[in-house]
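The block underneath contains the structure these notes are about, expressed in structure tokens.
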Amino acid sequence: MSRVYFSCWKDELIDNRGKPKEEWQESAYNFPEHYNVDQASKAFIGWAGFALFDEDVDVVKLGTEYAAQYQIYSEACGRCAPGRWGGRILYDLFDKIARGEGEQSDVEHLKEVSRTMMETSKCEIGRTVPKPLLDILTYFKDEIDALIENKKPSKYYNDPSVSYIAKVTAPCMDACPSHVDIPAYIEGVRDLRYDDSLLATRKTMPLAHTCGRVCPHPCEEECRRANLDEPISIMELKRIGADFEDEHSLFWLHPYKQKPLNGKKVAIVGAGPAGLTGAYYLAMEGVACDIYEELPVLGGEVAVGVPEYRMPVKKYNKDIELVNSLDGVHFITGKRVTAEDMRRFEKEYDAILVASGTRISKKIRAKNERDEIKGYWPAINFLDCINLYVKYGIPVPEEIRKKQKLDKEYVDLSGKTLVCVGGGFTSMDVVRCAIRANAKKVIMLYRRDEATIIRNTTYEEYHEAVEEGVEFIFYSAVEEIITDEEDNLKALKVNRFELIPDPNGGRPQLKKIEGADFIIECDYLVPAVSQSADLSHLPEEWNIELTSWGTIKTDGKTYMSSKPGVFAAGDCEYGPMTIVNAVGQAKRAASVMSRYVLTKEANLTDDEIMEDHLRALKVYDKKEKIKGWLPGLPRQVSLKLPVEERKHSNKEVNLGLTQEQAIAEAERCMRCYYIAMVAV
Amino acid sequence: MIKFSIDGKEVVAKRGETILQVARREGIYIPTMCYLSKVKPIESCRLCVVEVEGVEGFVLSCQTPATPDIKVRTDSQALYTHRQNIMQLYDVNHPLECGVCDKSGECDLQNKTLEFRVDHQEFSAKDQYRPIQNWQYIQYDPSLCILCEKCVHVCNEVIGDDAIEIEYGGYKSRIIPKDAPTLDCTFCGECIAVCPVGALISSDFKYTSNAWELRRVPAACAHCSAACHLYYETKHSSIENPQPKIYRVKNEFEFETLCGAGRFGFDFENRAQKDEEAFGRALEAFEKADTIRFSSFITNEEALILQRLKEQKGYKLLNEEARAYQKFLDEYAQTSGKTLYEADLERIEKSDFLILVGSFVSSDNPAVRYALTVSQKRQGSEIINMHPIEDDLLKPVVTKFVKYEVGSEEAVLGMLLDGLLDEEAKEKIGKKWFEELDIGYLSAESSVGEEEIADILERLQRQHRFKKDRCTLILGEDLYTHPRAENLAKLAGLIDRFTDFEVMLIPPKTNSLGVALICDLDEEGGEYTIGYNAKGDFVLSALGDGDLDMPALNQQEGTFTNIDKRVVPTNVALPYEGYVLNDLAKALGVSDKEYTIEFTKELPQEKGYKPIDFDDLPNEFFNDGTEHRGYRLENKKVNLSRKNIEPIAELPEFNGTVLYRCEPVLQFSPFTHKAHQLHWPCALVGSYQFSVAAKLEDGDEVVIHSKFGEIIKHFRIDPKLKGTVALLGTSDLGVEYFAMQGNYRYERVKITKRVEP
């Protein structure tokens, strides 16, 4: 809800003109009423209309500035005839009226050129820029007529005290936690300029190989093409540019030239996606980074958690090498950071970024659940053992081999039955790795239903696991772990549940079905329900505030913790989440930190402030009707390794789109760029 | 197949075919300003919008594939108004200088402005100052530019130079050299060709003629074996001089691509009068002669005349370069079972796995390079380039470069054959040959590691995991003159026969393939030689430096047999007033024809030629891009040879200073060099490494002591070049050039610094 003086946005019109303030009707949309904590906004204008928060706003000037912003931002577009010339004419005509030199015929020309732009521009930016301008012409006709009549400039035409802050976005960009310029990288593929495609990605996302393979792609949930037929295969198009760089040895394509080192230094704890991203953008800004990693290898959970068949380490290493190719980036592996180290870091570095993830597997809360049980194998450790061997040839440590009764130096589950309790990505990795480790039988226990597991992961992931032979048992949970006298895992007592719909329309409740319990005999139980953060390296006396989830608390905007100079990003801040979330947070944190090390102040750029405002308003509109595109062009589906070939190997399952498929898919993209602007 | 309708007409689209493509194929007009058939839709002009029944708003026809049963309307009042508005926008601030603009009369902006009756302007915007850019052969005027982006797309998607880009800036947008202060490219000039307005023009042509004054002569480019389609455009030289001259060259840029040599190297004609005395001396020389030596820069018909001279007068025919190619083709046929190689340029474009051996294609045959670019960009193909010298211009498309030692081509093909063939095929050919293959030795001597071959095979497997698709092996000029050429040809034939690869044997010179098919060439000459564009005791020369003048190929009509095994016609751009070969043949009683082209229908049918009159040969492209030029030779079956392939010979060593005969881009022969825009000396170009080894500095004048005598050259270091082999351009050596062509391209030489006399 927003308090507005006047607003028209999509189908909603709020007109409080002439009404006393106390009678003002509110808008249902979350407009950026307050630009930031200590600054109120005067007006907001964007692709679907505009909102005035104040009676004293010069709307004609607002329109002129909006048209001007389109000109300034036209490097994002300016590629079609209606947009290029139309945008310029739009501005010239609007400004002419605002200056007090306009004629009624200019209003007619404005409408004419707007119509052409709205019906034929290449991307939404050109199609939508005229919309609020026409709204101004309609709802503020009297003001316009008066300016034309009196030949006088608009009220605040020459007032420099108002600033106008604009931002280009798109539904997919808005939905992406890293705010990747998705239309631009898709355009790169469409134009067969694969280098440009990669450069667009790397503006906000250094892990193009990784997020071109294993991103859960929230962007595709908010792809406007879905309103027409099916969403664009956004994620898979990302790897095209990255693979192009790799295949043609074009190392390295950076989005801009790295700034010279400025003498400032940052310590980063953890070399996972968040740590790598932080290092990349800090170093690009000229800040040296030392990245401390506990594991013997770089890459964090993507290296040791995500299996080889989903994310080949060769490709991930390319992302890591990209970061390492920058001046001032220094990795220290095999170094577990302690509280003592952190105290030292505080003195030796200008800031600290904690990106240590969530590496403790949570318990499933069953009777007799104890770490010592032989065969009880927390998911994080299970995946570490598998991946360190598969990807790096590092054998399973002696004590784990002993505990888990392994007779080889790697995980071989021949003849064994493994049960995993989970339902998220990690549990999928566990069961599919277990299949590849030759297990006799692999069972996934999940409390809820198939639809939920698909929602929590992806359809592909679930489907592929079933194909490979994983047995899914839904509506079930372990009540008790049964062990023998030597504390070996023997079996599980499992309860069955049913879903009871909520008569009030809420989330259905799980109810245990009495007498339906059953026993599963098994050799291993892998709890993979969730993970928590190990924050033992935070010095107690720093009193760093934590969330109720036991993660580091920040304001979610600057990512600075309660202790100035200590920032946190990724899972250790948010809780176990996606790679792209970690990248987005770390990118933002790096940006804030690059200024913090110089000024000791944690603040956001206008672009970042607008980014957050637009996310609150939400750019994607599920109900919007799409015009000017032919529906019914199917989404391209990438080729997968045949199930027999992939079941017993660690070869990459997803072979990616072929070039022809990728180009066809890129041509489905509707380039839904929008421009939004705030007057403060 | 997708059935739908356009303007009520029932049409059928292939999968993925766009509405516009179908419309064009069906001859239904949809206006466009930015659409260029040979690149991906650019989508900048928005003129091609159409209405689809049931779909709100306009649909972009250029990039939208047809879906079943849609009803498309290409014209309506609403569409007309919008197109008119777009044209009105295009016209905002477009300089009103049509009177002096090179493009006037053939300008898309002019045409569409008239078509949509934009006779007044309602829109205006503040004008801006944008200076003209001079980029050597090319001039760019941003204020004339409509930013359709055709130039940028063709440069990246077809040529592979990727030398220009758009500097985004909305209304201020313009075309700029990519990552460089000035344009640094191969100057193919395609950007000029595709420019719909006068923004990108030829610096040389500027202000010399109105478009409508020029006479268009459809022809085939005479510089290399691609024999690309082009138009010579001619008119009188000046007010004082009524003699026609060629002003420029244009091409069917929608479907075909022309390189800079074709576009800028057009005035190589030989102006001559009938010199009766010289003609008499020529006939005397023919009386004396027992040998005719000639080059492959001739038409099929001339080749046939020479063959008739041989048949009827007993002359020996010498053409070392074509002879080498001919033998290669013959040996290839012995193991492949076909008279001709299978692949053509279109096959390359559609291939997704290509291996290139023994050709420096970016200068040997740019058409092949462009086809490779298309295949890489479109199919994401794997392109393996195997050569002793890395071709810098090919780098953006090549996915793997494999360097082999000079002279070790046989080892390279041997290892490829061994890797590509399955056991069954090896059994058929004879297990013994493969068992005796000493891969360790071959690998060590050729510097091509076993792991590199393994990697190539792995890439092949990866590319074809799901569909066995199109693989092509492209072999070049280096192989034909190789001392082991016969065995190389057999190995290539086996690859064609026993694998999914189709093979292309790039004909080395313009009409090498025609000569190889039409003439019985001899190995050795006799006592007295007539040279035709070649060395001899009496020289017939189209360069104008011999004993009797001959017409150059832009002054002749006739046909070439090109790389696509297509017999393509060419026409007379400039009149020739001297004697032609047919005149000599007539005088010698060998020809009874008035015109050379009467021989066209007599070209040997047993070699795949057809008895078609020259005047009946088509020479055009259809709306859907299909080529209708002349006809394609029939590839005939031949019996397989019972002769076994030979074991791979001991590999030669090439130590010391080694030069590779390789023309700079834009040069092919003395004929390109003669053209006024390309009349610059060809340097000896080496890497830093070469300069150190040869003790030379950039800019040195050097004497190369070659088996062809002493050659004086300017030495230049190319920082992009690697390795110890230097590139020797020979286009500027006149008739010497022809003498070199039959030899292996690499030569060990001595180089000394030239002491100023």
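Per-residue ellipticity at 222 nm computed for chain B from its helices equals -7500 deg cm²/dmol, with DSSP H segments shorter than 4 residues left out and the rest contributing -39,500 (n - 2.57). Only protein atoms count toward the accessible area here, which uses a 1.4 Å probe; on the protein assembly as shown, the carbon and sulfur part of that area reaches 48 percent. Could you tell me whether the protein assembly as shown comes out rounded, prolate or oblate from its Cα gyration tensor? Rule is a ≥ b ≥ c as square roots of the eigenvalues, rounded for a/c under 1.5, then prolate if a/b exceeds b/c, otherwise oblate. Judged from the Cα gyration tensor, the protein assembly as shown comes out oblate (a/c at least 1.5, b/c at or above a/b). Can you list the HN-Hα couplings for segment B:506-514, worked out from phi with the Karplus curve (6.51, -1.76, 1.60; θ = phi - 60°), rounded to whole Hz and with x for Gly and Pro? Karplus values, whole Hz, x for Gly and Pro: 4, x, x, 10, 2, 10, 4, 5, x. To the nearest ten degrees, helix A:104-120 and the longest principal axis of the Cα atoms of chain A are 20 degrees apart. Taking the centroid of alpha carbons for each part, segment B:408-430 and segment B:231-252 are 53 Å apart. Remark: relative contact order (chain B) = 14 percent; criterion is Cα-Cα distance under 8 angstrom and separation of 6 or more residues. Using θ = phi - 60° in the Karplus curve 6.51 cos²θ - 1.76 cosθ + 1.60, the 3J(HN,Hα) couplings for segment A:541-550 round to 5, 6, 6, 5, 5, 10, 7, 5, 8, x Hz; x is entered for Gly and Pro.
Distant-in-sequence amide contacts of residue A:416, defined by a placed amide H-H separation under 5 Å and a gap of 5 or more residues or a different chain, comprise A:440, A:441.
If you restrict to DSSP beta bridges whose two residues both lie in the protein assembly as shown, what percentage is antiparallel, to the nearest 5? Taking every DSSP beta bridge within the protein assembly as shown, about 60 percent pair in antiparallel fashion. Percent relative contact order of chain A, based on C-alpha pairs within less than 8 angstrom and at least six residues apart? RCO, chain A: 18 percent. Each of B:673, B:714, A:209 has its accessible area taken with a 1.4 Å probe; listed largest first, they run B:714, B:673, A:209.
Take every DSSP beta bridge whose two residues both sit in chain A; close to 60 percent of them are antiparallel. The long axis of helix B:320-336 is offset from the longest Cα principal axis of chain B by roughly 90 degrees.
Antiparallel beta bridges, as assigned by DSSP with both residues in chain B, represent about 60 percent of the total such bridges.
Is segment B:379-469 rounded, prolate or oblate when judged by the Cα gyration tensor, a ≥ b ≥ c being the square roots of its eigenvalues, rounded requiring a/c under 1.5 and prolate requiring a/b larger than b/c? Verdict is oblate for segment B:379-469.
Heavy-atom accessible surface of residue B:450, to the nearest 10 Å², is about 100 Å², with a 1.4 Å probe and all protein chains retained. Ligands, DNA and RNA are left out, and with a 1.4 angstrom probe the accessible area of chain A is 38 Å² per residue. Phi angles of segment B:395-408 translate, via the Karplus equation with coefficients 6.51, -1.76, 1.60 and θ = phi - 60°, into HN-Hα couplings of 3, x, 9, 6, 9, 8, 9, 10, 8, 10, 6, 3, x, 9 Hz per residue; Gly and Pro are given as x.
Working from Cα pairs under 8 Å separated by at least six residues, relative contact order for segment A:617-680 is 29 percent. The separation of segment A:195-258 from segment A:36-55, counted between C-alpha centres, amounts to 33 Å. For residue B:697, what is the net charge nearby, where nearby means another residue's Cβ is under 15 Å from its Cβ and Lys, Arg count +1, Asp, Glu -1? Its environment carries a net charge of +1. Give the shape of segment B:324-505 as rounded, prolate or oblate, defined through the alpha-carbon gyration tensor: a ≥ b ≥ c are the square roots of its eigenvalues, a/c under 1.5 means rounded, and otherwise the shape is prolate if a/b is larger than b/c and oblate if not. It is rounded, given that a/c, with a ≥ b ≥ c, falls under 1.5. A probe of 1.4 angstrom, applied to the heavy atoms of all protein chains, finds residue B:494 with accessible area near 10 square angstrom. Per-residue accessible area for residue B:208 at 1.4 Å probe radius, Å² rounded to 10? Looks like 60 Å² after rounding. Against chain B, whose longest principal axis comes from its Cα atoms, helix B:485-498 is set at around 50 degrees. Interface of B with A. Using a 1.4 Å probe and counting protein heavy atoms only, the two chains hide about 5000 Å² of accessible surface, both sides summed. Binning the C-alpha pair distances of chain A at 20 Å intervals from 0 yields a P(r) profile of 17, 45, 31, 7, 1 %, listed from the shortest bin outward.
The values are calculated or read from the model by the stated rules, or taken from the named source; none is laboratory data. Owing to the predicted nature of the structure, the values given are computational and were not obtained by experimental measurement. Counting neighbours? That spans all protein chains shown, and the Cβs are built from the backbone with ideal geometry, glycine included. Just the protein is used for accessible areas: all its heavy atoms, side chains included, with ligands, DNA and RNA removed. Shrake-Rupley method; radii C 1.70, N 1.55, O 1.52, S 1.80 Å.
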